[in-house]
Amino acid sequence: MGNIRYRWLAVIALVSGVIGWLVNNWATRNSLPAPVLSVFGLLTVVLISGATLFLGLRVRRWQQGNRDRKLDPIAAARTLVLAQATAYAGSLLLGWHAGIFVEQVPLWSLRPGHVATWAALAMIAGGVLMIAVGLLVERFCRLPPDDSNGNGGTTAGPDTRREPGDGEYA
């Protein structure tokens, strides 16, 4: 399984930011509300990030030697996939709401309340949180380079011909 690609995170954020800006521009011209997620969306972001972090900490505890119970490799792989999906979804969320925020700032003096601007800013923070948690949990799932089988030793086989510093995932 590959690492999260930082370049893809940036591309997703940039493209979704441009699309968010265009959609919000169209909505403003047609007297429609800004397409931002509500407070419930932010609550969902926090819950998803918390669940991802909880599962990642479980893998990390096992990796650091707390091996009272056997770690299910499928659960560890699912945790890694969840972490990567969280980071990519956070990038999408960050870009979309950053585009909306950029479009809303010039309208600051024309609109009362600024609900859409504050909501976009809160969701930008939620996107950053999702990216940070995704990257952190991905790091939790990585095995040290000398521990390819997950139990402190190396395997005696073709797996041992890796370059130094090249760890796998738990």
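Beta carbons closer than 9 Å, at least 6 apart along the sequence or on distinct chains, pair a first residue in segment 16-27 that is among the small types (G, A, S) with a second that is open to solvent by 80 Å² or more (accessible area, probe 1.4 Å) and not in a helix (DSSP H, G or I) for A27/P33. So for segment 48-64 (the condition being free of Cβ contacts under 8 Å to residues at least 60 places away in the same chain, surrounded by fewer than 12 Cβ atoms within 10 Å (Cβ to Cβ) and within 17 Å of the chain's Cα centre (by Cα)), does at least one residue qualify? The answer is yes; a qualifying residue exists. Out of A170, A83, A98, A120, one residue alone is buried (at least 20 other Cβ atoms within 10 Å of the Cβ) and modelled with pLDDT under 65. It is A170. If I filter segment 1-28 down to residues being within 14 Å of the chain's Cα centre (by Cα) and open to solvent by 90 Å² or more (accessible area, probe 1.4 Å), which single residue comes out as modelled with the lowest pLDDT? Only one residue tops the list, namely R5. Which ones in segment 29-43 are touching a residue at least 12 places away in the same chain (Cβ under 8 Å) and either within 16 Å of G127 (Cα to Cα) or open to solvent by less than 40 Å² (accessible area, probe 1.4 Å) (or both)? Matches in segment 29-43: A34, P35, V36, L37, S38, V39, G41, L42. Number of residues in segment 74-130 that are under 20 Å from S38 (Cβ atoms) and of a type in the set (D, E, K, R) equals 2.
The values are calculated or read from the model by the stated rules, or taken from the named source; none is laboratory data. Fair warning: this is a prediction, and the values are worked out from it, not measured in the lab. Cβ: placed from backbone, ideal geometry, glycine included. Neighbour counts: every protein chain shown. Heads up: the accessible areas ignore ligands, DNA and RNA and are worked out on the full protein's heavy atoms, side chains in. Shrake-Rupley method; radii C 1.70, N 1.55, O 1.52, S 1.80 Å.
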